[in-house]
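Asker: I'd like to ask some things about the structure below.
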Amino acid sequence: MSDAQTLPDAPLEPKSPYELRIRENRGVTEESLKEAIAGGSVGFFHSFTTGSTVDGPGVRCVAWLSGCQFRCQYCHNPDTWHLINGLPVPLARAVQELGRYRHGLKVMNGGFTLSGGEPLMQDRFAVRMFTAAKDMGIHTALDTNGYLGERLSDDELKSIDLVLLDIKSWDSEVHRRVTGKDVTQVLDFARRLSAQKRPAWLRYVLVPGLTDDFDGIEKLAKFVADLGNFERVDVLPFHQMGKFKWKQLGINYSRDDTKPPTPEVVQRAVGLFRANGLKAF
Ligand code: SF4
């Protein structure tokens, strides 16, 4: 599949990531999907929005791409897991759409964030989008679980102004239980970002009975503080806003009875990061 190939006139309208979206692929075959992914000529989108204030600094355009290799127990976007579910959008069209907002984004000290799913499942498209955004003078951010960070060269990392790194747990056993995957690659990516002096923010989802082990949080806080390139930490309280998606997709949801953490528990976690000299919220 190339930019020139005729694609259905997909409605690239701003939409909430909290809406369930599946089978948006409009007849794209597995084979053409692989070809498009390899070259980055087409991105597979779950959704995008133009006015986010929680996905990096300022007001931002955010694109949520489809595809993720993790299976987090608390994922609020399980409809992003499969690449083939995404809406195919040619690179040129996505860049053109982003360009419409370039002046507004600058005025609002914002930029462009790629999220997901896991955007590095579509690493070539991500790199081409970031390069195009930088060429338009737009600040760029990558919201990632870090597992596929090695897909980006050191030069490509330079087209990303900020990495929002989601570390699901410091403890390898807990990380595997939460996500189904090992934490080693994630921590290696964090170290590499530090070595390359790339600005990063940590995102930590606090889930009662799963990721609220304060000893582990303290070790993570020390690790991140020692890296020296993490400018901010956001402790994100678990919520149930994605529960309906699990039900509608017919996937077994193990967090049915889990309640959001109390404000006291959230503040205790925030305090552990602050105690290590980090700006945490
Ligand atoms: S990394 Fe994000 S998108 Fe992937 S399963 Fe986990 S929470 Fe969901």
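The values are calculated or read from the model by the stated rules, or taken from the named source; none is laboratory data. It should be emphasised that the depicted structure is a prediction, and the values quoted were computed from it without experimental measurement. Here Cβ is always computed from backbone atoms with ideal geometry, including for glycine, and neighbour counts include all displayed protein chains. In case anyone asks, the SASA skips ligands and DNA or RNA and just uses the protein heavy atoms, side chains included. Shrake-Rupley method; radii C 1.70, N 1.55, O 1.52, S 1.80 Å.
Asker: Using θ = phi - 60° and the Karplus curve 6.51 cos²θ - 1.76 cosθ + 1.60, what whole-Hz ³J(HN,Hα) does each residue of the range 50-55 get, with Gly and Pro shown as x?
Answerer: In residue order, the calculated couplings are 10, x, 7, 10, 10, 10 Hz.
Asker: In a Gaussian network model over the chain where Cα atoms closer than 10 Å are linked, find which of 235, 107, 174 has the largest mean-square fluctuation.
Answerer: With Cα springs under 10 Å in the chain, the top fluctuation among 235, 107, 174 is at 107.
Asker: Can you find, among 196, 81, 184, the residue sitting farthest towards the positive end of the charge dipole of the chain, where Lys and Arg contribute +1 and Asp and Glu -1 at Cβ?
Answerer: Checked the options; the winner is 196.
Asker: Can you pull the three principal axis extents for the Cα set of the range 111-230, in Å, largest first?
Answerer: Rounded to whole Å, the extents work out to 44, 27, 22 Å.
Asker: Please work out the average accessible area per residue across the chain, using the 1.4 Å probe convention, and give it in Å².
Answerer: Here the per-residue accessible area is 43 Å².
Asker: Using Cα-only point scatterers and the Debye equation, what is log10 of I(q)/I(0) for the range 216-281 at each q in 0.23, 0.26, 0.29 Å⁻¹, rounded to two decimals?
Answerer: Once normalised to I(0) and log-transformed, intensities are -0.89, -1.02, -1.19.
Asker: Still on this structure, please answer the following. Work out the length of the dipole vector of the chain about its Cα centre, built from +1 on the beta-carbon of each Lys and Arg and -1 on the beta-carbon of each Asp and Glu, and round it to the nearest 20 debye. Mind showing how you got there, number by number?
Answerer: Details: 36 positive and 35 negative charges, 83 e Å.
For this selection, approximately 400 debye.
Asker: Taking H placed 1.01 Å from N in the peptide plane, check which residues at least 5 places from residue 140 or on another chain put their amide H under 5 Å from its amide H.
Answerer: Long-range HN contacts for residue 140: 112, 161, 162.
Asker: Identify unpaired cysteines across the chain, taking unpaired to mean no other cysteine Cβ lies under 4.7 Å from the residue's Cβ.
Answerer: 61, 68
Asker: Would you mind calculating the gained length between residue 215 and residue 279 on full extension (0.36 nm times residue separation, minus the Cα-Cα distance), in nm to one decimal? Intermediate values should be presented prior to the final figure.
Answerer: Details: separation 64, 0.36 × 64 = 23.04 nm, distance 1.92 nm.
Using 0.36 nm per residue and subtracting the Cα-Cα distance, I get 21.1 nm.
Asker: Where the centroid of each part is defined by its Cα atoms, how far is the range 253-281 from the range 174-216 in Å?
Answerer: Rounded to whole Å, the Cα centres lie 14 Å apart.
Asker: Let me ask something else about it. Scan around residue 212 for amide H atoms under 5 Å from its own, H built in the peptide plane at 1.01 Å from N, and keep only partners 5 or more places away or cross-chain.
Answerer: HN-HN under 5 Å from residue 212: 207.
Asker: Still on this structure, I have one more. Hey, can you grab everything whose amide H is under 5 Å from the amide H of residue 45? Only 5+ residues off in sequence or another chain; H modelled, so Pro and N-termini drop out.
Answerer: 66, 87, 89
Asker: For a 18 Å ceiling on Cα separation, which of these pairs sit above it: 181/259; 168/222; 158/197; 134/279?
Answerer: Working: 181/259 24 Å; 168/222 15 Å; 158/197 10 Å; 134/279 27 Å.
Distance filter (> 18 Å) returns 181/259; 134/279.
Asker: Provide the percentage of antiparallel DSSP beta bridges, counting only those with both residues in the chain; round to the nearest 5.
Answerer: On the way: 9 of 34 bridges.
So the antiparallel bridges in the chain amount to around 25 percent.
Asker: Using a 1.4 angstrom probe on heavy atoms only, work out the carbon and sulfur share of the accessible area of the chain in %.
Answerer: 51
Asker: Counting each DSSP H run of 4 or more residues in the chain as -39500 (n - 2.57), what helix-only mean residue ellipticity at 222 nm follows after dividing by all residues, to the nearest 500 deg cm²/dmol? Numbers along the way, then the final one.
Answerer: Details: 10 runs with 96 residues, N = 281.
The helix-only estimate for the chain comes to -10000 deg cm²/dmol at 222 nm.
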